[in-house]
Amino acid sequence: MVIAAGAAAADLKVGLSVSLSGPNSSLGIPYAKGMQAALAYKPEINGRKVQLIVLDDASDPSTAGRNARKLIEDDKVDILMGSSGVPASVAMAQVGKEAKTPMIGLSPLALDPNENPWVVTVAQPPQLMIDAVVERMKRNGVKTVGYIGFSDSWGDLVYGALNKAAEPAGIKVVSNERYARADASVTGQVLKIVALRPDAVMTGGAGTPGALPFLALAERGFKGGVYGQHGLINPDFIRVAGAAGSGALMPTGPVIVAEQLPAEYPTKKMALDFKAVFQKVNNAPSTDAFSAYSFDSWLVFADAASRAMGKAEPGTPEFRVALRDAIMSTKEVVGTHGVYNFKPGSLYGVDTRARVIVKLDNGQWKLAP
Amino acid sequence: MTWDVALILGIDGLANGAVYLLAGLGLVLIFSVTRVVFVPFGDVAAFAALSLAAFETGRTPATIGLVLTLAALALIAEVWSLARRGELARIPRALLGWGLLPALPCLAAWAISGHAVPAAVRIAVAVALVVPITPLVARVALQPIADASVLVLLIVSLALHFLLSGLGLLFFGPEGSRTGPLADGALTLPGGFPLSAQVMLMITSAVVLSALFFLMFERTVAGKALRATAVNRVGARLVGIRPARTALLAYVLASLLAGLIGVLVAPVMTMYYDSGFLIGLKAFVAAIIGGLVSYPLTAIGALAVGAVESFASFWSGALKDVIVFSLLIPVLMMRSFLARHAEEEAEEIDQ
């Protein structure tokens, strides 16, 4: 009995909570699939099996928090991963902090890293992505840019990042038009932007509602460049935007265009490995950025766990502390989205290698070098 | 704002107004005949749009399962009530009407899904597929309480909306869809201003359907029965009009309108599982301007809502809906000042 319990405790346990149902499930399901691919890719760390426990938070932050508590208290996981939305991830991180369990977030987080030293995220910070867009605008000779985005925190975040990057680049942001995710038309907002005659338009939307400005701008015959951000890298966006999205430039993690990357690109090999294993495990190609985040979080965890295992036995509070310290000292772990270096006092671990600019061309993302 | 911009916004508003006009007609029709504020109206429109999108992408819309389930429930309710009243001879007719008739569009939908068929067939089937939803839902949930107070009917209708939009999420997922345009090309107005064929189609449909509505109410027996029921339910019964029958007709007509709205707006709006609610809500504002009884006033209200929405999105995109719904305040104030205070609802006689 004692031996059996000891053997069970020796396994590493990963607790994943994502939105498998509810409005966020179009993100949550790929996250879970990516995690299954990661488990198949690296099922053992230092000869120890890794056990993955997946829970559904139904797109509800308070359920995500309860899931985190359940994973820690009932399943005794060594690490938390999740979730598909920022509020749900923050709720999980809060529980992780209380229970002294490290967490790797899968979406950007709105947290003070000094206040919660138990969490990091594999997502790119929004500013890093928007900086790449502004650099591209500058290269394309854009002097004035109109902005249209969601009338919510995502729209604010993109607008803020755009302003911060545009001023040093000598680009003037001439409008701040907003619309709601549920809106049917943005004709009014787009007319206002077109009347200002900007060189380009930046959009701050996500998913299918993010296609609305592209459709309206195309309808009004806008000739300048239209730029997006990584919230739009999604097959549903392509489906709804159709021809109107053609030629749009936006930033993304390099995994989306892995095949088109130059051979020496640091993440190319890992991204191709990921695509192969994802295809094998899920019997379908990976078409989104989300499953790759799960894969990266597993790689970061595997690297940290192999270093932490020398210090303590998995399943114990000491191990969780050692694992946290190991994650916080991650050095040059090559993932699919970027190369990870985590340090205390910062949530994000990627640099400029974690972004490329892609162009939507005939319904396909093409690397825009 | 220049004249061009005003013209573009005006036409955009007119196209939106046309949609709200059709939705408003449906809401007024159901309310005047049955006293139900039919909140799920927009959901039915969304189901039509999303079913059409499913056909276009080669999937079988889950709407088929919904219609069949509803038909089964309605059939059980109907047979049970007939059996209780001992009218066993009418059961075969009920089987035909509540069971077989709704199953026909399902069969058609099942037959064309996954096959390349002309767009017109897809559209016709998508509309036909949602037509049974409203009458079936009403048979199961609203007819048994047809004599309850307006408030109770409203609460049930609201619950039906949540049920349908939840099912919509389950069936079609959280992401939206757009369908191919019904009409290509554009007409150039004098002054070089383009008017897209789709917008013309929307406006024309609204005009033609309103005219058909008018003719039906003026010239047909069924239309006169609907009007009679709307004016005075008890009086209509006294002259031999069965409220349950006219209610059924109203639900079928409204459902048809909802289906047409769905396929008309799907190419110009990204439809989500919950998009119907906002369409319904704005049509409700139009219907309130018409006092929930007057068709002409509802039409004017719908055009006003469309125009206000369009211009509001130019002045302040984020506050657009706030401005539209604020329209209700002066309208309701004026109505309550002008209205003669009618008696509280008189007791209805039993069916």
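The values are calculated or read from the model by the stated rules, or taken from the named source; none is laboratory data. Owing to the predicted nature of the structure, the values given are computational and were not obtained by experimental measurement. All Cβ positions, even for glycine, are placed from backbone atoms using ideal geometry, and neighbour counts span all protein chains on display. Side chains are part of the model used for accessible areas, which takes the heavy atoms of the whole protein and leaves out ligands, DNA and RNA. Shrake-Rupley method; radii C 1.70, N 1.55, O 1.52, S 1.80 Å.
Restrict the check to region A:141-149 and report whether at least one residue is assigned to a loop (DSSP other than H, G, I, E, B), open to solvent by less than 20 Å² (accessible area, probe 1.4 Å) and away from chain B (no Cβ under 14 Å).
Yes: one or more hits.
Between a residue in region B:1-24 that is over 15 Å from B:Leu209 (Cβ atoms) and within 11 Å of another protein chain (Cβ to nearest Cβ) and any residue that is at pLDDT below 95 and open to solvent by 30 Å² or more (accessible area, probe 1.4 Å), which pairs come within a Cβ distance under 6 Å, given they are 6 or more apart or on different chains?
Correct list of pairs: B:Leu9/B:Phe311; B:Gly13/B:Ala307.
What are the pairs, 6+ residues apart or on separate chains, where a residue within region B:256-274 that is more than 8 Å from chain A (Cβ to nearest Cβ) has its Cβ under 6 Å from a residue that is among the aromatic types (Phe, Trp, Tyr)?
That search, which allows pairs on different chains as well, returns B:Ala258/B:Phe41; B:Tyr273/B:Phe172.
So, in region A:176-215, of the ones that are out of contact with any Leu (no Cβ under 7 Å at 6 or more places or on another chain), among the aliphatic types (A, V, I, L, M) and more than 10 Å from chain B (Cβ to nearest Cβ), which residue ends up most open to solvent (accessible area, probe 1.4 Å)?
A:Leu196
Provide a single number: the residues in region A:92-107 that are surrounded by fewer than 24 Cβ atoms within 10 Å (Cβ to Cβ) and either in contact with a strand residue (DSSP E or B) (Cβ under 6 Å, 6 or more places away or on another chain) or in a helix (DSSP H, G or I) (or both).
4
Return the residues of region A:303-358 that are outside any helix (DSSP H, G or I), among the hydrophobic types (A, V, I, L, M, F, W, C) and either in contact (Cβ under 8 Å) with a residue 60 or more places away in the chain or surrounded by fewer than 19 Cβ atoms within 10 Å (Cβ to Cβ) (or both); say none if nothing qualifies.
A:Met309, A:Ala312, A:Val334, A:Val339, A:Phe342, A:Leu347, A:Val350, A:Val356, A:Ile357, A:Val358
Restricting to region B:316-335, name every residue that is part of a helix (DSSP H, G or I) and away from chain A (no Cβ under 14 Å).
Selection gives B:Ser326, B:Leu328, B:Ile329, B:Pro330, B:Val331, B:Leu332, B:Met333, B:Met334, B:Arg335.
Check A:Gly22 against each of (1) more than 14 Å from chain B (Cβ to nearest Cβ); (2) open to solvent by less than 50 Å² (accessible area, probe 1.4 Å); (3) under 28 Å from A:Val255 (Cα atoms); (4) not hydrophobic (A, V, I, L, M, F, W, C) and name the one condition it does not meet.
Result: A:Gly22 passes all but (1).
Can you pull out the residues in region A:242-283 that are touching a Lys or Arg at 6+ places or on another chain (Cβ under 9 Å) and within 14 Å of chain B (Cβ to nearest Cβ)?
Listed by number, the list holds a single entry, A:Gly242.
Give me the pairs, please: first residue somewhere in region B:127-140 and over 17 Å from B:Ile112 (Cβ atoms) and among the charged types (D, E, K, R), second residue anywhere and open to solvent by less than 10 Å² (accessible area, probe 1.4 Å) and at pLDDT below 95, beta-carbon distance under 9 Å, and either six or more positions apart or on two chains.
Between residues of region B:127-140 that are over 17 Å from B:Ile112 (Cβ atoms) and among the charged types (D, E, K, R) and residues that are open to solvent by less than 10 Å² (accessible area, probe 1.4 Å) and at pLDDT below 95, the close pairs are B:Arg139/B:Ala74.
Please state which one of A:Ala123, A:Ala64, A:Ala132 is of a type in the set (A, V, I, L, M), under 30 Å from A:Ala200 (Cα atoms), in contact with a Ser or Thr (Cβ under 6 Å, 6 or more places away or on another chain) and open to solvent by less than 40 Å² (accessible area, probe 1.4 Å).
Details: A:Ala64 fails: under 30 Å from A:Ala200 (Cα atoms); A:Ala132 fails: in contact with a Ser or Thr (Cβ under 6 Å, 6 or more places away or on another chain).
After ruling out the rest, the residue left standing is A:Ala123.
Looking at B:Val140, B:Val127 in this structure, which one is within 19 Å of B:Pro40 (Cβ to Cβ) and in contact with a Gly (Cβ under 8 Å, 6 or more places away or on another chain)?
On the way: B:Val140 fails: in contact with a Gly (Cβ under 8 Å, 6 or more places away or on another chain).
That would be B:Val127, the only listed residue that is within 19 Å of B:Pro40 (Cβ to Cβ) and in contact with a Gly (Cβ under 8 Å, 6 or more places away or on another chain).
Condition first: surrounded by fewer than 16 Cβ atoms within 10 Å (Cβ to Cβ), closer than 24 Å to A:Tyr293 by Cβ and either within 14 Å of chain B (Cβ to nearest Cβ) or in contact with a strand residue (DSSP E or B) (Cβ under 8 Å, 6 or more places away or on another chain) (or both). Can you find one or more residues in region A:156-169 that meet it?
Yes, there is a match, as at least one residue in region A:156-169 is surrounded by fewer than 16 Cβ atoms within 10 Å (Cβ to Cβ), closer than 24 Å to A:Tyr293 by Cβ and either within 14 Å of chain B (Cβ to nearest Cβ) or in contact with a strand residue (DSSP E or B) (Cβ under 8 Å, 6 or more places away or on another chain) (or both).
Go through region B:126-153 residue by residue and tally those that are assigned to a helix (DSSP H, G or I) and surrounded by fewer than 17 Cβ atoms within 10 Å (Cβ to Cβ).
Number of matching residues: 5.
Scan (1) in a helix (DSSP H, G or I); (2) surrounded by fewer than 16 Cβ atoms within 10 Å (Cβ to Cβ) for the single condition A:Gly247 breaks and write down its number.
(1)
Restricting the first residue to region B:278-300 and requiring it to be within 14 Å of chain A (Cβ to nearest Cβ), which pairs with a second residue that is among the acidic types (Asp, Glu) meet a Cβ separation below 9 Å and a spacing of at least six or different chains?
So the pair list comes out as B:Leu278/A:Asp183; B:Leu278/B:Asp321; B:Gly280/B:Asp43; B:Leu281/B:Asp321; B:Lys282/B:Glu309; B:Lys282/B:Asp321.
Can you tell me which residue is modelled with the lowest pLDDT among those in region A:1-19 that are open to solvent by 20 Å² or more (accessible area, probe 1.4 Å) and outside any helix (DSSP H, G or I)?
Step by step, filter region A:1-19, then rank; the result is A:Met1.
Residue by residue, here is whether (1) modelled with pLDDT of 85 or more; (2) more than 17 Å from A:Val358 (Cβ to Cβ); (3) touching a helix residue (DSSP H, G or I) at 6+ places or on another chain (Cβ under 9 Å) holds:
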site: A:Gly146; (1), (2), (3): yes, yes, yes
site: A:Asp152; (1), (2), (3): no, yes, no
site: A:Lys172; (1), (2), (3): yes, yes, yes
site: A:Arg197; (1), (2), (3): yes, yes, no
site: A:Thr203; (1), (2), (3): yes, no, yes
site: A:Phe222; (1), (2), (3): yes, yes, yes
site: A:Leu232; (1), (2), (3): yes, no, yes
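Suppose we keep only residues that are of a type outside the set (S, T, N, Q) and closer than 17 Å to A:Val277 by Cβ within region A:25-36. Which one would you say is farthest from the other protein chains (Cβ to nearest Cβ)? Step through it out loud before you land on a result.
At the first step, the residues of region A:25-36 found to be of a type outside the set (S, T, N, Q) are A:27-35.
Applying the additional criterion that residues be closer than 17 Å to A:Val277 by Cβ yields A:30-35.
Details: A:Pro30: 12, A:Tyr31: 15, A:Ala32: 16, A:Lys33: 15, A:Gly34: 19, A:Met35: 20 Å.
Filtering region A:25-36 for residues that are of a type outside the set (S, T, N, Q) and closer than 17 Å to A:Val277 by Cβ, the one farthest from the other protein chains (Cβ to nearest Cβ) comes out as A:Met35.
Just a yes or no: is a residue in region B:39-57 away from every other protein chain (no Cβ under 12 Å), surrounded by fewer than 24 Cβ atoms within 10 Å (Cβ to Cβ) and over 22 Å from B:Pro267 (Cα atoms)?
No, because not a single residue in region B:39-57 is away from every other protein chain (no Cβ under 12 Å), surrounded by fewer than 24 Cβ atoms within 10 Å (Cβ to Cβ) and over 22 Å from B:Pro267 (Cα atoms).
Find the helices (runs of 4 or more DSSP H) located wholly in region B:231-315 whose residues include 2 or more that are hydrophobic (A, V, I, L, M, F, W, C) and open to solvent by less than 10 Å² (accessible area, probe 1.4 Å), and list them.
In region B:231-315, the matching helices (runs of 4 or more DSSP H) lie at B:243-265, B:275-289, B:295-315.
Please specify each residue of region B:205-227 satisfying the condition of being open to solvent by 30 Å² or more (accessible area, probe 1.4 Å) and aromatic (Phe, Trp, Tyr).
Passing the criteria: only B:Phe214.
Suppose we filter B:Leu164, B:Leu182 for residues that are touching a helix residue (DSSP H, G or I) at 6+ places or on another chain (Cβ under 9 Å), under 24 Å from B:Arg139 (Cβ atoms) and buried (at least 17 other Cβ atoms within 10 Å of the Cβ); which single one remains? Walk me through how you get there before you give the answer.
Details: B:Leu182 fails: under 24 Å from B:Arg139 (Cβ atoms).
Only one candidate qualifies: B:Leu164.
Considering each of B:Val67, B:Val28 in turn, give the residue that is more than 14 Å from chain A (Cβ to nearest Cβ), under 25 Å from the mean Cα position of the chain (by Cα), under 15 Å from B:Leu164 (Cβ atoms) and at pLDDT 90 or above.
B:Val67
Please enumerate the residues belonging to region A:235-244 that are under 22 Å from the mean Cα position of the chain (by Cα) and either free of Cβ contacts under 8 Å to residues at least 60 places away in the same chain or crowded, with 24+ Cβ neighbours inside 10 Å (or both).
A:Pro235, A:Phe237, A:Arg239, A:Val240, A:Ala241
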